[in-house]
Structures are given as C-alpha cells and as structure tokens.
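Trainee: Handing you a structure now.
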C-alpha cells in the first residue's frame, strides 16, 4: 500500500474525528499516511488507550477480516491523511499482490503479540515496572525511528491509563530514565523518545529482578 493509491483512496481527517467506534459494524479499514490515530477500548466503564499509531500503520482491518463488530474505537489525535480501503478493494489487493498479504499478516501477528504482552503487563503488581514494560511494548511494536531514538506517540497520561497506574508513577519513571539518558518526554508531552531500547530492557530486567527495589 503506497502513496500511489492516494488519488483513489486518500482522505483528510481532523483532530477529534472518530473513524469508528467499538461495537459498530464496519466494512472499511484505514492506512495512515500522515498524522496519528489513537486506538482505545472501554474497560470497566473507562476508555483505555491501547496504542497511538502513525505513518504506515493501519486500523480497522479486523472488522473486515472476521466480519465481526469493531473491537475498539479509533480517534484521530493529529490531523491525518488516510487511505480508506473498503472490504471488496482489500480482497482484490490481497488476491493480486502477495506482498500486501504478507505485510498484513506480519502486522496482525505483531498486534496479537502486543495484546498478549499488555495482559502480562497488567498482571505485574509493581506500578513502576508496569510503566517501563508499557513503554517498551510501545517502542518495540509501534515506535518510529528518529535520529535521536525510538519515538513513542504516547502521552504520560495515556501510558498511565494503559498500565493501570496514576500519572505520577509515569513521571517518576520518566525522570529516572531521563537522568540515565535512556528516554525522555517531548516538550509538548504527547510523545516519549527512547534513546536506547536495549538499555531500557536492561534497566527493566534489573527493576523486576527478585530481591531488588530497582534503585542504586
């Protein structure tokens, strides 16, 4: 799916527009060309952010593939240009282009792994560990590579909601990671840059090691 498809399928969306809502039926999927889209799900009466996706990602494909209601809500959080692909068009693309089919399968597999990881994160009793595990999850599954590191399109508030803790724990962890030059929050607060994912994993392993409180 490339920019050459834009003349036929491209549309512009503004911040706040809802692409689809959880529980609705749907026969369209969306491929992000520019901007960002937040995926959220109603959990215990509260909308919980699952991911914030950027260029190259797609949303809404499951409703087409399994013909079931939408499992989450998709909201534009940064003015976006999207390809809007209908069910029939997607079927033709997959039939005629094995590369598209392969990319779709890879992304679906990655999404399943990420969902499984979120369950494991929520089972961890340590809120600081949950914050770091959540940050790692987004960096590995949805991060954007930049000259300064892996950019995670996620605010501290969204990360706190996702891992089931208060935003104070997120800010505490980010301050520690900033001092260690492992990660830092962007000035506008809507993203986090992980300078070194490898060091983040090492620090997380130390934090969750039995018999340690993660401090030195």
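This table checks each residue for (1) over 14 Å from the mean Cα position of the chain (by Cα); (2) in the same structural domain as residue 31 (by TED's automatic domain parsing).
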position: 91; (1), (2): yes, yes
position: 96; (1), (2): yes, yes
position: 137; (1), (2): no, no
position: 150; (1), (2): no, no
position: 155; (1), (2): no, no
position: 158; (1), (2): no, no
position: 163; (1), (2): no, no
position: 166; (1), (2): yes, no
position: 171; (1), (2): yes, no
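Trainee: Only one of 85, 182 is in contact with a helix residue (DSSP H, G or I) (Cβ under 8 Å, 6 or more places away or on another chain) and in the same structural domain as residue 30 (by TED's automatic domain parsing); which?
Mentor: 85
Trainee: Restricting attention to strands (runs of 3 or more DSSP E) lying wholly within the range 1-107, give those where 1 or more residues are within 23 Å of residue 136 (Cα to Cα).
Mentor: Because the criterion is at least 1 residues that are within 23 Å of residue 136 (Cα to Cα), the strands (runs of 3 or more DSSP E) in the range 1-107 that meet it are 28-43, 46-53, 73-86.
Trainee: Within the range 204-213, does at least one residue satisfy the condition of being surrounded by fewer than 21 Cβ atoms within 10 Å (Cβ to Cβ) and at pLDDT 85 or above?
Mentor: No: the range 204-213 contains no residue that is surrounded by fewer than 21 Cβ atoms within 10 Å (Cβ to Cβ) and at pLDDT 85 or above.
Trainee: Within the range 177-201, count every residue that is farther than 14 Å from residue 134 by Cβ, at pLDDT 85 or above and out of contact with any strand residue (DSSP E or B) (no Cβ under 8 Å at 6 or more places or on another chain).
Mentor: Number of matching residues: 5.
Trainee: Quick one: residue 168 ticks every box in (1) touching a residue at least 12 places away in the same chain (Cβ under 8 Å); (2) out of contact with any helix residue (DSSP H, G or I) (no Cβ under 6 Å at 6 or more places or on another chain) except a single one, so which number is it?
Mentor: Failing condition for residue 168: (1).
Trainee: For the condition more than 21 Å from residue 145 (Cβ to Cβ) and either touching a residue at least 24 places away in the same chain (Cβ under 8 Å) or within 13 Å of the chain's Cα centre (by Cα) (or both), what is the one hit in 81, 71?
Mentor: Working: 81 fails: more than 21 Å from residue 145 (Cβ to Cβ).
71 is the lone residue from the list that is more than 21 Å from residue 145 (Cβ to Cβ) and either touching a residue at least 24 places away in the same chain (Cβ under 8 Å) or within 13 Å of the chain's Cα centre (by Cα) (or both).
Trainee: A further question follows. So, in the range 35-65, of the ones that are loosely packed, with under 13 Cβ neighbours inside 10 Å and out of contact with any helix residue (DSSP H, G or I) (no Cβ under 8 Å at 6 or more places or on another chain), which residue ends up modelled with the highest pLDDT?
Mentor: 56
The values are calculated or read from the model by the stated rules, or taken from the named source; none is laboratory data. Bear in mind that the values here come from a model prediction, so they are computed numbers and not experimental data. Here the Cβ is made from the backbone with ideal geometry for all residues, glycine too, and neighbour counts use every protein chain on show.
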